[in-house]
Amino acid sequence: MRKLTAALMVAGAAAIACPALAADLPYYPPVIDIPDVDYGYAGSFYLRGSAGLNLLWAKRVNHPDATPTTFDIDGFGYGYSVGAGAGFETGTGLRVDATLDYLANEGMRATIADSSNTLSPGVHKLSLRSTVLLANAYYDFGFGDGYGAAGGAFGYVGAGAGVAFNDVISSGSVAPDIRGHNTSFAAAGMAGLGYDFGQVVADLGYRALYINRIENNAAPHPYSIDNNWVHEVRGTVRYRFN
């Protein structure tokens, strides 16, 4: 009986003392580690190479010393281009690069039927060699969740601006070939489809390249061609560094 009474007294004392003791202890809230969100691919530098086929077109050629002074262009020029560049993609769909292209085109023509002016009658053709330097920006968009840089098929749109260094040779039915040079503002608009393989990305697209002026002031009869459009179908391969 004495043992039972002693046990009850110890239990009661503990019940009274424990809450008081707990109130005196400092409280430390638990620390929960939340891992950083992994957003995946963050961006990459890349090198690129392109090759394509083109058509050159303008509305008219201007001869200031002839009568009349303008002649309609009645035939496309045909050619090709090759180029290289370097750029950076952000991983959000936006990418930028600088490109240097060599463009060759033959055969854009104007027919001069009237022999009463100073120009020789017949078909006059243009041979164009241009080095085109452009700064470009693009937006890649995937066909499912995420962006083109996330892998798989994607589409893109883009635009660029820069300069074209033109080397031109004009030829007539009886006149000798005349060579000249000029530098002009250039711009481009691009759109296409591609596939992201990971470190390598390939695409096939259309580029409308605008060359503001092609001219030859060294010719016996100086001429200029304004608002030239080069319509290109190009394939491009990009190689990522990280």
Which residues in the range 201-231 place their backbone N less than 13 Å from a point set 7 Å from the Cα of LEU47 along the Cα-to-Cβ direction? none
How large is log10 of I(q)/I(0) for the range 170-227 at q = 0.24 Å⁻¹ when the intensity is taken from the Debye formula with one equal scatterer per alpha-carbon? -0.96
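How much length would be gained if the chain were fully extended between LEU193 and THR111, taking 0.36 nm per residue of separation minus their Cα-Cα distance, in nm to one decimal?
Details: separation 82, 0.36 × 82 = 29.52 nm, distance 3.86 nm.
Here the answer is 25.7 nm.
Every read-out reported here was derived from the displayed coordinates using simple, explicitly stated rules and does not represent laboratory data. These figures come from a predicted structure and were not determined experimentally. Methodologically, a virtual Cβ is constructed for each residue, glycine included, from the backbone with ideal geometry; neighbour enumeration extends over all protein chains shown.
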